[in-house]
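As structure tokens, the structure follows; a few thoughts come after it.
Computed from the coordinates by the stated procedures, all read-outs in this text should not be read as laboratory data. Quick caveat: nothing in here was measured; it's all calculated off a predicted structure. Positions of Cβ are backbone-derived with ideal geometry, glycine not excepted, and every protein chain shown enters the neighbour counts.
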Amino acid sequence: MKSLLITGGAGFIGSNFIFYMLAKHRDIRIVNLDALTYAGNLSTLSPISNDPRYSFVKGNICDRTLLDALFNKFQFDTVVNFAAESHVDRSIVEPDIFLSTNIIGTQALLHIAKRHWNIEPDNKYCRVYRSGVKFLQVSTDEVYGTLGSSGMFVEEMPLLPNSPYSASKASADLIVRAYHETYGLPINITRCSNNYGAFQFPEKLIPLMIHNCMLDKKLPVYGDGMQIRDWLYVEDHCSAIDTVICKGIDGHIYNIGGNNEKPNIEVVKTIISALGKDNSLIEHVKDRPGHDRRYAIDNTKITTQLGWTPEWTFESGMAKTIDWYQNNQAWTDKVTSGEYLDYYEKMYLQN
Ligand code: NAD
Ligand code: DAU
């Protein structure tokens, strides 16, 4: 039986991944370690709270004592590290927590995994690990920086992150790579493009626009709205990570994307039209500082070498996502009460 430590599993992609894995694999045990920040919501996971294959632990990935105890108790063979501060705008306002969770937290996980998986834990030069173990770091295409009007991100590109968020994720990638090069720790790094789907916190473009549009509120488009993102439905990201866990070559990095490049303004207009509203809701606001202009993922490596392909088109994924937010307004209301409103006021109302 596989024993997985999933960090950040109460967030958007982590929760979708846990649902995906429990549905796909019978013989599996999952421990979800999540600090339950503003972005983590246990109610999302209530449908599986009685599944004997699943446990939740509230805690911080920086807490080495807790990590050590969990490795002792559950004998993990796989770590999938989703836990992160994930929102670029927040990282511009308050970068400190991004460095602590995204970099120091990742290193704490690596440190404890290395100790528990090493066949000679007290030998600092030993690079031999129990068979079948893997540390998978969930990274992002933002580590590559920004593209001009042509070209795509490939795995060999230099890292040129532009925001405190992407710099913290790039730093984490480098420390994960260093644990592989120096200590031989079995790792993979995945770098995915922008995700959308159910349970995404409505601070990110697509859920924010759906939420505001449903309530006839203004839709804040940064700058000219011609920035391009490469969209992937979250279930396709989940299947890609599952593929990398099963087939990824030790030490390799895999880009994940579905070839869905869209300017932001087009995405916003798609939502307006699907909800039968009017383009007059659009409000062009001050641009994000250091705003990356274009992302585009070359997914040749994962498709040709590991046989992964995305199943959702942008149209089918968006229809399902809009439908989900329309039918789950209570979830959005719950997660956007309290602290989120303070942040929202700081970001938009004072600018
Ligand atoms: P999210 O913000 O929705 O969820 C993050 C989760 O991590 C939350 O449940 C939060 O409580 C938890 N967390 C935060 N700090 C923690 C800590 N110190 N210890 C334990 N748990 C902690 O994020 P997401 O959008 O689901 O992204 C998940 C991962 O995927 C991140 O690593 C992100 O960089 C990466 N990623 C996201 C996207 C995207 O489009 N959302 C694309 C590519 C990669
Ligand atoms: O590319 C992967 C990354 O995608 C992930 O690593 C990040 O965790 C995730 O947050 C996302 O980052 P982005 O900055 O691309 O996503 P966001 O949804 O914040 O913004 C998408 C685009 O929309 C971006 O160009 C900024 C713009 N935008 C965003 C918001 C929230 C607006 O124009 N208005 C908005 O209100």
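Between MET21, GLY307, SER3, the Cα set farthest toward the positive side of the dipole of the chain (charges on each charged residue's Cβ, about the Cα centre) is that of SER3. In the chain, the inverse of the mean reciprocal separation of distinct Cα atoms equals 20.7 Å; this is its Kirkwood hydrodynamic radius.
When MET214, MET318 are arranged by Cβ crowding within 10 Å, least crowded first, meaning fewest neighbours, the order is MET214, MET318. In this simple spin-label approximation, ILE97 and ASP323 carry label points 7 Å from Cα along the Cα→Cβ vector, and these lie 3.5 nm apart. Each Lys and Arg Cβ is given +1 and each Asp and Glu Cβ -1; about its Cα centre, the chain then shows a dipole of about 740 debye. When the Gaussian network model of the chain links Cα atoms closer than 10 Å, the mean-square fluctuations of LYS73, LYS24, LYS301 top out at LYS73. Amide H contacts of GLY9: LEU33, each under 5 Å away and 5 or more positions distant or on a separate chain (H built 1.01 Å from N in the peptide plane; Pro and chain starts excluded). Taken as Cα centroids, the range 174-211 and the range 295-339 sit 13 Å apart, rounded to the nearest whole angstrom. In summary, the convex hull built on the alpha carbon positions of the range 169-291 has an orientation-averaged projected area of 8.9 nm².
Less than 5 angstrom separates the built amide H of LEU232 from those of ASN194, ASN195, TYR196, all sequence-distant by 5 or more or on a different chain. The 3J(HN,Hα) values that the Karplus relation (6.51, -1.76, 1.60; θ = phi - 60°) gives for the range 105-110 are, in residue order, x, 5, 5, 4, 4, 4 Hz. Gly and Pro appear as x.
The phi-based Karplus calculation (6.51 cos²θ - 1.76 cosθ + 1.60; θ = phi - 60°) puts the 3J(HN,Hα) values of the range 276-290 at x, 9, 10, 4, 5, 5, 5, 10, 6, 10, 3, 6, 5, x, x Hz, whole numbers, x for Gly and Pro. 3J(HN,Hα) along the range 319-333, derived from phi through the Karplus expression 6.51 cos²θ - 1.76 cosθ + 1.60 where θ = phi - 60°, amounts to 4, 5, 5, 4, 4, 5, 5, 5, 8, 9, 5, 5, 4, 4, 4 Hz, with x in place of Gly and Pro. When the helices of the chain are scored as -39500 (n - 2.57) per DSSP H run of n ≥ 4 and the total is divided over every residue, the value at 222 nm lands at -11500 deg cm²/dmol. Computed from Cα atoms, the angle from the helix 164-183 axis to the main principal axis of the chain rounds to 20 degrees. Given +1 at the Cβ of Lys and Arg, -1 at the Cβ of Asp and Glu and no other charges, the dipole of the range 104-229 around its Cα centre is 340 debye to the nearest 20. Just check the range 252-333 against the gyration tensor rule for me: Cα atoms, a ≥ b ≥ c as the square roots of the eigenvalues, rounded for a/c under 1.5, and otherwise prolate or oblate depending on whether a/b exceeds b/c. Because a/c hits 1.5 or more and a/b fails to exceed b/c, the range 252-333 counts as oblate. Among THR304, THR101, THR270, the residue with the largest mean-square fluctuation in a Gaussian network model of the chain, with springs joining Cα atoms closer than 10 Å, is THR304. For the chain, the longest principal axis of the alpha carbon atoms and the long axis of helix 264-274 meet at an angle near 70°. Hey, what angle do you get for helix 234-247 against the long axis of the chain, alpha-carbon based, 0 to 90 degrees rounded to 10? Helix 234-247 and the main axis of the chain meet at about 20 degrees.
Distances between placed amide hydrogens fall under 5 Å for TYR254 paired with ILE189, THR190, ARG191, all partners being 5 or more residues away or on another chain. Taking other C-beta atoms within 10 angstrom as a stand-in for reagent exposure, ARG90, ARG293 fall in the order ARG293, ARG90, fewest first. Considering only HIS291, HIS211, HIS25, the mean-square fluctuation computed in a Gaussian network model of the chain, springs between alpha carbons under 10 angstrom, is largest for HIS25.
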